[in-house]
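Chemist: Before we start, here is the structure in question, set down as structure tokens.
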Amino acid sequence: MQTVHTIEWMKQIAHEARAEERILGLVPTMGALHEGHFSLIRAAQREGAPVVVSLFVNPKQFGPAEDLNKYPRTLEADRAALEALGVDYLFAPSPQEMYPSGFRTAVVVEGLSDRLEGRSRPGHFRGVTTVVLKLFEIVQPRFAYFGRKDAQQARLIRQMSTDLNLDTNVVVCPIVREADGLALSSRNVYLKGEDRRSAAALSRSLAAVREEIAKGERDANRLLAALRRVLALEPRVALDYAEIVDNERLEPITNLRGTSYVLLAAKVGDTRLIDNALIEPDGEHFKVSV
Ligand code: AMP
């Protein structure tokens, strides 16, 4: 595996790959890698193309009161894990390399970026889409892999890719979870003791929605009430939002139809977590993937 720190070198590699008609797969990450990230890498490898993993803790997607400084950074362990997985290139630029002084441009996907996570974290998605477009331009990947764990983010990036006619296909992969259902996240290291146990309630609340749907419930408010009942049993969990939204506009729906998501964010102790379930029509019924 080659570790690449400069944009110039990464562009050179991308250029040579294109000249030799080798298509690259890109997996963007902020490091502190776990099985969720590895599942994206394996999906990229199945495509048969050389895989670039980018590792960049993007300052532009953190709010002023957020955890940029304490965000876990485990570069050496990450590098060893990527090496063991057979990744071809690790692209790990510095903040100065990505945002030299005088940097002024931002990419905003209007409408989709100020709802849900965007309302709780103003400016977050502006930072995400800006860095992802830069990564797409630098690496020129044919495929880029994102986790459904960040469903709103994946929806925005797909929209950006369509709107700007990018040559990168956005692939969204399933959520990888711990045995008790907690979605893997680099931020899970913040969860200590009782918080770690309580955090499993998030996926249990989504499973409760799945059970209600299996029993025939189609009313979004009643489904969300079932979700809230589960979370209310956990005093350490403070719900930020829970919504059932359509897959296209991410607007709340009143009754299940088409493809939709249950999206939620909650604080568990001091740690903010997000989770979701995907609801897809399946004949007369709905298939719910937690
Ligand atoms: P991050 O390093 O947290 O920015 O995540 C990098 C990529 O990994 C994003 O596309 C995430 O959606 C994805 N990811 C993070 N956690 C998981 C998970 N538990 N399962 C699947 N994908 C994940």
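Chemist: Give the shape of the range 1-66 as rounded, prolate or oblate, defined through the alpha-carbon gyration tensor: a ≥ b ≥ c are the square roots of its eigenvalues, a/c under 1.5 means rounded, and otherwise the shape is prolate if a/b is larger than b/c and oblate if not.
Modeler: Oblate.
Chemist: Cα gyration tensor of the range 50-195, axes a ≥ b ≥ c as square roots of the eigenvalues: rounded (a/c below 1.5), prolate (a/b > b/c) or oblate? List each step's numbers first, then the result.
Modeler: Details: a/c = 1.30, a/b = 1.13, b/c = 1.14.
In terms of gyration-tensor shape, rounded.
Chemist: For the range 186-289, just list the percent of Cα-Cα distances falling in each 10 Å bin from zero outward, please.
Modeler: 16, 47, 27, 9, 0
Chemist: So between Ala232 and Glu16, what do we pick up on full extension, going 0.36 nm a residue minus the alpha carbon distance?
Modeler: Numbers: separation 216, 0.36 × 216 = 77.76 nm, distance 5.53 nm.
Result: 72.2 nm gained on full extension.
Chemist: Okay, helix-only estimate at 222 nm for the chain: each DSSP H run of n ≥ 4 adds -39500 (n - 2.57), divide by all residues, round to 500 deg cm²/dmol; what do you get?
Modeler: When only DSSP H runs of four or more count, the value is -11000 deg cm²/dmol.
Chemist: Given the convex hull of the Cα atoms of the range 145-242, what is a quarter of its surface area in nm²?
Modeler: Taking a quarter of the hull surface, the average projection is 8.1 nm².
Chemist: Could you give me the ³J(HN,Hα) list for the range 55-67, computed from phi with Karplus coefficients 6.51, -1.76, 1.60 and θ = phi - 60°, whole Hz, x at Gly and Pro?
Modeler: 10, 8, 7, 7, x, 5, 9, 9, x, x, 9, 8, 9
Chemist: Local charge sum around Leu85 (other residues, Cβ-Cβ under 14 Å, Lys/Arg +1, Asp/Glu -1)?
Modeler: Taking every Cβ under 14 Å from that of Leu85, the sum is -1.
Chemist: While we're looking at this one, here's another question. Per-residue HN-Hα couplings for the range 40-51, Karplus 6.51 cos²θ - 1.76 cosθ + 1.60 at θ = phi - 60°, whole Hz, x for Gly and Pro?
Modeler: 5, 4, 5, 4, 5, 5, 4, 6, x, 8, x, 10
Chemist: Another question, if that's okay. Which residues does a label at Glu35 reach in the range 206-221, if reach means a backbone N under 14 Å from a point 7 Å past the Cα toward the Cβ?
Modeler: Those under the cut-off are none; the list is empty.
Chemist: Between Trp9 and Ile23, how many nm apart are label points set 7 Å from Cα along the C-beta direction?
Modeler: For the pair Trp9/Ile23, the computed spacing is 2.8 nm.
Chemist: Let me ask you something else. Within the P(r) computed for the range 152-195, what percentage of the Cα pairs occupies the region above 17 Å?
Modeler: Percent of Cα pairs beyond 17 Å in the range 152-195: 51.
Chemist: Students sometimes get this wrong: rank Lys70, Lys287 by accessible area, probe 1.4 Å, all chains present, largest first.
Modeler: Lys70, Lys287
Chemist: Under 12 Å from the Cβ of Asp167, count the other residues' Cβ atoms, weight Lys and Arg +1, Asp and Glu -1, and hand me the total.
Modeler: +1
Chemist: A further question follows. Among residues other than Arg177 whose Cβ falls under 12 Å from its Cβ, what is the net charge (Lys/Arg +1, Asp/Glu -1)?
Modeler: Its environment carries a net charge of -1.
Chemist: Under a plain spin-label model, where a point goes 7 Å from the Cα along Cα-to-Cβ, how far apart in nm are Asn165 and Asp180?
Modeler: The answer from the label model is 5.1 nm.
Chemist: Of all DSSP beta bridges in the chain, what percent run antiparallel (nearest 5)? Mind dumping the intermediate values first?
Modeler: On the way: 26 of 44 bridges.
Antiparallel: roughly 60 percent of the beta bridges in the chain.
Chemist: Another question, then. Tally up the carbon and sulfur contribution to the accessible surface of the range 186-289 as a whole percent, 1.4 Å probe, everything protein left in place.
Modeler: Solvent-exposed carbon and sulfur of the range 186-289 make up 47 percent of the total.
Chemist: Taking the convex hull of the Cα atoms, report for the chain its projected area averaged over all directions, in nm².
Modeler: 15.6
The values are calculated or read from the model by the stated rules, or taken from the named source; none is laboratory data. Since this is a predicted model, take the numbers as computed values, not measurements. Positions of Cβ are generated from backbone atoms using ideal geometry, with glycine treated the same way; all protein chains shown enter the neighbour counts. Heads up: the accessible areas ignore ligands, DNA and RNA and are worked out on the full protein's heavy atoms, side chains in. Shrake-Rupley method; radii C 1.70, N 1.55, O 1.52, S 1.80 Å.
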